[in-house]
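Accompanying notes for the structure given below.
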Amino acid sequence: MHERVQLFLMQRIKYWLSEHPKIVGFRWSPTQSWGSTWSFVFGAISSYIAAAVTLHLVLAVLLRRRRRPVPLGPIPAVHSLLMSLVSAVIFVGILLSAAGEIRDTRWFWRRTRTTTPLQWLLCFPIGTRPTGRVFFWSYVFYLSRFLQLLRTFFTVLRHRRLSFFHLFNQSILILTSFLWLEFSQSFQVLAIMFTTLVYSVVYGYRFWVSVGLPGARFPLVVNSQVLLLGFNLICHVGVLLLHLLKGGCNGIGAWLCNSVLNAVILLLFLNFHVKKLHLTSSTSGSEIKQKI
């Protein structure tokens, strides 16, 4: 009886996350998908930057003598929990959908140079269109980027802090997610899988800490970000090798743009955290001298 219940639940989860007609029949197009135009994505990014900078400047002028954070109550904790749950659903959905796509399209690989599921995950065959299961979850992932932007405003309200790296990073994440769909870019399935897996852990941890539970003894968030960047770097090398050796990968132009943007983010990330570490070390050194 217990096994039947588990089997029934697994079948329902598989249906709702990978076999539902809306998922199987998904098509990325300006007429069917909200936010699927160039004007929208650039307008959204511009509005986000303008709103964040404006809020930062307004707080700096109106509350310059008051350094206490603006009380937000449980809103940041709820946001972290929501992001963790959404990321977990996207991870399971794209994992099941990738398995379904591999099962249903393996016969077509004979006409291309694709030979293994890993090669398909890294390198879509030339002519791949943004339709079907995995692109549905790529679209959901793209939409979740806008939900993630709220964290910027929480940071400004609570800490009065707004860095160029943070604005640039969030803007580029939206743009790259758009490029994945617009050009059916190779490698996006693995990127979404690993990113949502990391996000579900990181945002779950942030919710855990925000409700007063003890945090980790090591920098979990930073280590997760480094792990994610390292994984992306390895996969980008794999895509390049397959493109050169197997006759081409779909969306290679968008992949090249994505690679350059990721390289810039990596450099800014390292610069940002090196400066932060140096500032922390200097502060600690000053405190020790004062005690002595």
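The values are calculated or read from the model by the stated rules, or taken from the named source; none is laboratory data. Just so you know, these numbers come straight off a predicted model, no measurement behind them. Virtual Cβ from ideal backbone geometry, glycine too; neighbours counted across all protein chains shown. Surface accessibility is based on the protein's heavy atoms, side chains included, excluding ligands, DNA and RNA. Shrake-Rupley method; radii C 1.70, N 1.55, O 1.52, S 1.80 Å.
Overview of values
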read-out	value
Long-range Cα-Cα pairs in region 193-234 (distance over 18 Å), rounded percent	28
Two-decimal Rg to Rh for region 196-265 - Kirkwood Rh, Cα set	1.17
Alpha-carbon centroid distance for the pair region 1-61 / region 222-240, whole angstrom	23
Computed Kirkwood radius, in angstrom, where 1/r is averaged over Cα pairs of the chain	21.3
Charge context of PRO74, other residues only, Cβ under 14 angstrom, K/R +1, D/E -1	+2
Additional length obtainable on full extension of the chain from ILE13 to TRP38, 0.36 nm per residue less Cα span	5.6 nm
Accessible-area composition of region 186-261, carbon plus sulfur, in percent [1.4 Å probe]	77
Heavy-atom surface of region 69-201, accessible at 1.4 Å and reported per residue (Å²)	41
Fully extended contour minus Cα-Cα distance, from ARG68 to GLU3, at 0.36 nm per residue	17.9 nm
Kirkwood Rh in Å, taken over region 1-86 so that all alpha-carbon pairs contribute	18.2
15 Å beta-carbon shell around ALA99, net charge (K/R +1, D/E -1)	+1
